[in-house]
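The values are calculated or read from the model by the stated rules, or taken from the named source; none is laboratory data. The structure displayed is predicted, hence computed values, not measured ones. Here Cβ is always computed from backbone atoms with ideal geometry, including for glycine, and neighbour counts include all displayed protein chains.
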Amino acid sequence: MLDTAPGIMSLYTLWAARTGRVLRDAPAGEPTPDELIEFWADDLLEEPFGRTRVPPDLPLPMHTTLIAVDIVGFGRRCRDTATQRNVRREMYERLSAAFAAAGLPWGACRHEDRGDGALIIAPTGADPASCLGRLAHHLAIVLHQRNRFACDDTRLRLRVAVHHGYVERDAYGVFSPATSHLFRLLDADEFKDALHAAGADIGLITSDSLYTQLFARTAQAREQPVAGPRGDGFATPAGYRMIRVSCKETHRAKAWLWLPSHLVTGLEGR
């Protein structure tokens, strides 16, 4: 069967359904086997929607900063498909703007779509302090500006988790104990409850190991600003508070929570 054009087209259909990939161009009508082979040989493949693979030449395992993002209330009944599509688009637009303002160009990061959120892998050498200071600050700003006139159904609120560690890669994306811990922090009920109680547009949680490595070197360090790549300071380590989280294999783990109410208050009326 596979030596006929219909047979090869059937094989292509199965391959496309299983991999989520499509050819940029395809011959019209019923192509000959030679035509299909020529198109496949070009290897012009589209990536599955919303997913950016880690290039094979990227050294792995690699140690880097990991950021996970989740849209609060994405699956609420009041949010139909059109609303969800718009909220997803706006999430990526706001993330791109905030990352650029924080000195982490979006195009330099690797990102994997999660439907109601995203996993972002910072480039090696990126300063993790930028994620805990500048990135958090700019996300608070862009979300506040976006939500000023939004109703509850369309309001964009984000939970953000930041961790660091080694990551591995396979054909489906990146994985490691570090990414598992990252998403357990993101999904922790204690984190969700704290953000709900605050009513803020964004909440950020970071692992105890990253917080300690960056900020807890001395007692005085807690009062120093979280510096970005240009030496700017936006949030102090004292702006974080310690919480205990429990999720799956993570039992009462220490983490650090940051809420931006003290940052966005001064933006009212702008």
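Go through the residues of segment 104-112 one by one and say whether even a single one is within 23 Å of Gly239 (Cα to Cα) and out of contact with any Cys (no Cβ under 7 Å at 6 or more places or on another chain). Within segment 104-112 (the criterion being within 23 Å of Gly239 (Cα to Cα) and out of contact with any Cys (no Cβ under 7 Å at 6 or more places or on another chain)), the answer is yes, since at least one residue qualifies.
Identification of strands (runs of 3 or more DSSP E) wholly contained in segment 162-270 with 1 or more residues that are at pLDDT below 70, in the same structural domain as Glu90 (by TED's automatic domain parsing) and of a type outside the set (A, V, I, L, M) yields 250-258. Within the set Arg88, Arg94, Arg79, the sole residue that is in a loop (DSSP other than H, G, I, E, B) and charged (D, E, K, R) turns out to be Arg79.
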